[in-house]
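Structure first, then comments.
Laboratory data are not the source of any read-out in this text; all were calculated from the coordinates shown. Since the model is a prediction, treat every value here as computed from it, not as a measurement. We place every Cβ from the backbone using ideal geometry, glycine too, and count neighbours over all the protein chains shown.
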Amino acid sequence: MQDHEQGRRLGELMRRAQDGDGDAYRELLTLITPSLRQGVRQRIRTLQACDVEDLVQDILLSVHTARATYDPARPFMPWLMAIARNRIADGARRYARRTANEVACAVPPETFEAPIANMLVERYGDGEALARAMARLPPGQRQAVELMKLNELSLREAATVSGMTVGALKVAVHRGMGALRKALGAK
């Protein structure tokens with residue numbers, strides 16, 4: 001009887017969500033997510049935790065996309081389970097295709113012949129030398145390099161933060177990187 005009551009409650013939340021009640025929609029998604037997660041784990045036991053979460057998000061996205069198709073006069077759980085079943089089947093096929101083409105290897109293959117092109121991040125270089133070289137850059141170049149290369153902002157975001165035009169930012173980054181290469185003895 002409790003499952004029936006829960007199904008009616010979820011159906012009512014979906015009906016309210018269809019009427020534009022954002023709080024009801026959030027509550028609905030909060031209530032169904034643990035069950036979906038458990039269902040995915042039970043149906044495809046070989047998935048990693050991150051793959052389970054991806055699949056649950058895919059199901060939730062499908063619920064969101066199809067929410068207008070739910071008929072409040074009908075039970076909610078069969079509608080939800082049909083969506084979940086289809087997404088789980090898609091996920092199982094995707095997982096099978098991906099794992100069929102994966103090759104396990106202890107050492108990743110080299111991308112390029114030159115050792116410098118394949119160096120690991122841990123061996124990147126002398127952080128203190130980079131800090132000294134950054135400090136010697138003109139302020140505009142230093143800010144451009146920090147925003148674009150260290151903070152990984154887009155050109156538009158960095159332009160907004162710095163007050164520079166996109167063109168001026170590109171030039172400052174190019175000149176700053178050239179000065180850093182020269183200061184660090186890179187080619």
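What to note about this one:
- Filtered residue count, the stretch 11-50, keeping only those that are touching a Gly at 6+ places or on another chain (Cβ under 9 Å) and part of a loop (DSSP other than H, G, I, E, B): 2
- Among the residues of the stretch 51-74, those that are part of a loop (DSSP other than H, G, I, E, B) and out of contact with any helix residue (DSSP H, G or I) (no Cβ under 6 Å at 6 or more places or on another chain) comprise Asp71, Ala73, Arg74.
- Test: residue in the stretch 153-163 that is in contact with an Asp or Glu (Cβ under 8 Å, 6 or more places away or on another chain) and of a type in the set (A, V, I, L, M, F, W, C): no
- Of all residues in the stretch 139-163, those satisfying the criterion of being under 19 Å from Ala179 (Cβ atoms), touching a residue at least 12 places away in the same chain (Cβ under 8 Å) and of a type outside the set (S, T, N, Q) are Gly140, Arg142, Ala144, Val145, Glu146, Leu147, Met148, Lys149, Ala158.
One line per residue, one yes/no per condition, for (1) of a type in the set (S, T, N, Q); (2) surrounded by 15 or more Cβ atoms within 10 Å (Cβ to Cβ); (3) more than 18 Å from Ala73 (Cβ to Cβ):
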position: Asp3; (1), (2), (3): no, no, yes
position: Glu12; (1), (2), (3): no, no, no
position: Arg16; (1), (2), (3): no, yes, no
position: Gly22; (1), (2), (3): no, no, yes
position: Glu27; (1), (2), (3): no, yes, yes
position: Ser35; (1), (2), (3): yes, yes, yes
position: Gly39; (1), (2), (3): no, yes, yes
position: Ile44; (1), (2), (3): no, yes, yes
